[in-house]
Amino acid sequence: MNTLAEENYLKAIYHLTVNDGNASTNSIASSLNTKASSVTDMLKKLADKALINYIPYQGVSLTTSGEKIALGIIRRHRLWEYFLVEKLNFKCDEVHDLAEEMEHISSQQLIDRLDEFMGYPKHDPHGDPIPDCDGNFSSDELKLVSAALINQTGVISGVRDHSPSFLQYLDKQELTIGCRVTVTDIIEYDHSVTLLLNNKKIHISREVANNILIANE
């Protein structure tokens, strides 16, 4: 069994290394809002458990065992987020902190039954893929709205910014997961974007367009 703190470290390292391969002590400290010295102590413990590859000053990566645990935590987190939104009617901006607590419930039987009860969802309410019981997940080709072409249509399938303020903004604009939008104009001056949603035009900034992911129809 791993402690709650150890699980949080493994999940943080997974997110930091999923694209870059290695995570630095400082990046882990920043992600977990803790001191670099505390990170070093934990990394030694995780290395002793063979959950990470750790050489001082050369970065950190997960071992196969460590990655399996991290993906299990992420699976639980995203399933609980889906449950809270779809079954208990929470809003997307309300569920992250709750799921942070619930992800540490380690009963595999409970999580498998939760998954079955909800019909084996593939994505959480933010559009992030939910790993299956073996740690596999779909790799949909998603594109940023800011990278779309004029007259291109897509379905909102994810966001890069999970902050409550951004999710609340999207909810107010009715730009939620599953909505079909068409890019009707891109303003050359500031690269802001005009979208067509349900026969209504919505103007969004470049920053917003840089944080909405769409799937091609």
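The values are calculated or read from the model by the stated rules, or taken from the named source; none is laboratory data. None of these values were measured; they are calculated from a predicted model. Positions of Cβ are backbone-derived with ideal geometry, glycine not excepted, and every protein chain shown enters the neighbour counts. SASA here: full protein model, heavy atoms, side chains in, ligands and nucleic acids out. Shrake-Rupley method; radii C 1.70, N 1.55, O 1.52, S 1.80 Å.
Residues in the stretch 107-141 that are in a loop (DSSP other than H, G, I, E, B) and either open to solvent by 100 Å² or more (accessible area, probe 1.4 Å) or hydroxyl-bearing (Ser, Thr, Tyr) (or both) were compared, and the one that is farthest from residue 78 (Cα to Cα) is 141.
Has the stretch 160-177 got any residue that is outside any loop (DSSP other than H, G, I, E, B), without any contact (Cβ under 8 Å) to a residue 24 or more places away in the chain, in contact with a Lys or Arg (Cβ under 9 Å, 6 or more places away or on another chain) and of a type outside the set (Lys, Arg)? Within the stretch 160-177, none of the residues are outside any loop (DSSP other than H, G, I, E, B), without any contact (Cβ under 8 Å) to a residue 24 or more places away in the chain, in contact with a Lys or Arg (Cβ under 9 Å, 6 or more places away or on another chain) and of a type outside the set (Lys, Arg). Within the stretch 76-100, residues that are free of Cβ contacts under 8 Å to residues at least 24 places away in the same chain and of a type in the set (Gly, Ala, Ser) reach partners that are open to solvent by less than 60 Å² (accessible area, probe 1.4 Å) and not in a loop (DSSP other than H, G, I, E, B) with beta carbons closer than 6 Å, at six or more positions or on different chains, in the pairs 99/77; 99/80; 99/81. In the stretch 39-68, which residue that is assigned to a loop (DSSP other than H, G, I, E, B), free of Cβ contacts under 8 Å to residues at least 24 places away in the same chain and within 26 Å of the chain's Cα centre (by Cα) is surrounded by the most Cβ atoms within 10 Å (Cβ to Cβ)? Among them, the one singled out is 63. Scanning the stretch 147-159 for residues that are in contact with a strand residue (DSSP E or B) (Cβ under 8 Å, 6 or more places away or on another chain) and either assigned to a helix (DSSP H, G or I) or open to solvent by 50 Å² or more (accessible area, probe 1.4 Å) (or both) returns 149, 150, 151. Please determine, by comparing only the residues of the stretch 177-194 that are exposed (fewer than 14 other Cβ atoms within 10 Å of the Cβ) and over 16 Å from residue 206 (Cα atoms), which one is farthest from the chain's Cα centre (by Cα). Here the answer is 180.
Go through the stretch 86-106 and report how many residues are in a loop (DSSP other than H, G, I, E, B) and among the charged types (D, E, K, R). Result for the stretch 86-106: 3. Among the residues of the stretch 69-103, the one identified as among the basic types (Lys, Arg), surrounded by fewer than 19 Cβ atoms within 10 Å (Cβ to Cβ) and in contact with a Leu (Cβ under 9 Å, 6 or more places away or on another chain) is 91.
In the stretch 133-142 there is no residue matching the filter, namely being within 28 Å of residue 3 (Cβ to Cβ), at pLDDT 95 or above and among the acidic types (Asp, Glu).
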